[in-house]
Amino acid sequence: MPAAIEISGFYSSIKTQEPYFTWLRRYMEITSLLNIGFVLLALYLIRTEGKNLKPEYKQVLLCNLLLPAVFSLYMGFIYQPYIVFPYHLLLTVGFFRFGPFVTAHLFNICCTVAILCSMGFIYSFWFNYITICFRISRQSSTKSNLIGLCFGVVFTVLNFILMTIGVDENQYQDRDNIYEGDDRLRYFFDEYSIAIVRVGDKWSLKVLSVEAFIGIAIVIIVIPIITFKSYTTLSRIHNMISKQTLIQLKNALAISLWYLLQFGLLVGIPAATAMAFLLMRYAPSESFPLALVVLAPTQLTCPVICALYLIVIKPLRYGFLKLVGLQRYAPKPVAKFSTQSQLSTFTSHAPIRHTNRHAYGSIRLN
């Protein structure tokens, strides 16, 4: 027998916060349109100005740009969620309001895309680690990307299945019980396709909660370790590789750190705060739209990543300056008299000798 739903005070809270629903929907739609422009600009610059970037490195850049773009479009035009704290109820304030089960599955898809985005960011740290610390060929780097993609897709699908299993099948029965207590809630449940979430009654949701704590541990413990290892290795080999290669590897590390920072500030901390408030049943002021404060930063991920690429990656930055008519701030191209500066080799400061020593194939530029 499912436990009773705690619903006291929900009517006054949702009635007070209802005007914010339109604000949230318009904000999501406008920011999604703006994000399309930012992403198209970044894609154009990567295609035209990023010709010297490693193909496998470019794949990671595109992955961490396109996945947040998909998430932004999904939140902007398909599913705009809303939660009235501290109630375990999912609302949809967007167009797709077709009952509680549709709301639950739309929320599951939203979480699935968010998980895929987070795994893309985490993989960028692993990619930098194996690129800097191990001597692997370009083919091996490409295989690593494919393996990471397959693992991410399989892991995401499994999480989606667990979330689907966690959907409460007694949605309409629970609604009838709630209406008996307060029939005024019927309008809000029907208008916003409210779905009921029972975390304590579903084993799959408990598994996902444990998995979330493991993911937090990976971010807090493992990522700093491999980042420090990558940095120390790069400091040790900086005299054995070309300047151009060194700059690109430093850029990769910097971008990964900014990935972690922006994703943590814009998505991780708001999501963790919302989960903590729901588990503790923290009830803010009825007139305070906490859900709006939690959801609004997620739409800023795309412009932050685009700005990050322009700031850190010089070819993209110079290409943008030329695109907006500020050519005087972009350096003029210098003719290359030798391809030696483009190679990652142990003998960049010594005469060329024929030896059997293998170069750092994983960090070779073409």
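Per-structure values
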quantity	calculated
Charge dipole (the stretch 10-328, unit charges on Cβ, about Cα centre) - positive-most of ILE311, PRO100, ILE178	ILE311
The stretch 10-328, dipole about Cα centre (Lys/Arg Cβ +1, Asp/Glu Cβ -1), debye to the nearest 20	2120 debye
Area accessible to solvent at VAL157, 1.4 Å probe radius, in Å²	70 Å²
In Å², nearest 10: area of HIS238 left accessible to a 1.4 Å probe	80 Å²
Whole-number accessible area per residue in Å² for the stretch 10-328, which is evaluated in the context of all protein chains at 1.4 Å	49 Å²
Carbon plus sulfur fraction of accessible area for the stretch 10-328, probe 1.4 Å, in percent	72 percent
Cα centroid of the stretch 33-108 to Cα centroid of the stretch 278-318, whole Å	12 Å
Loop sites in the stretch 246-294: chymotrypsin sites (Phe, Trp or Tyr not before Pro), DSSP, at most 15 other Cβ within 10 Å	TYR282
DSSP-assigned coil residues among GluC sites (Glu not before Pro) in the stretch 161-238, each with at most 15 further Cβ atoms within 10 Å	GLU169
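The values are calculated or read from the model by the stated rules, or taken from the named source; none is laboratory data. On a predicted model such as this, the values are computed, not experimentally measured, just so you know. Cβ coordinates were reconstructed from backbone atoms using ideal geometry, including for glycine residues, and neighbour counts include every protein chain displayed. Heavy atoms of the whole protein, side chains included, go into the accessibility calculation; ligands, DNA and RNA do not. Shrake-Rupley method; radii C 1.70, N 1.55, O 1.52, S 1.80 Å.
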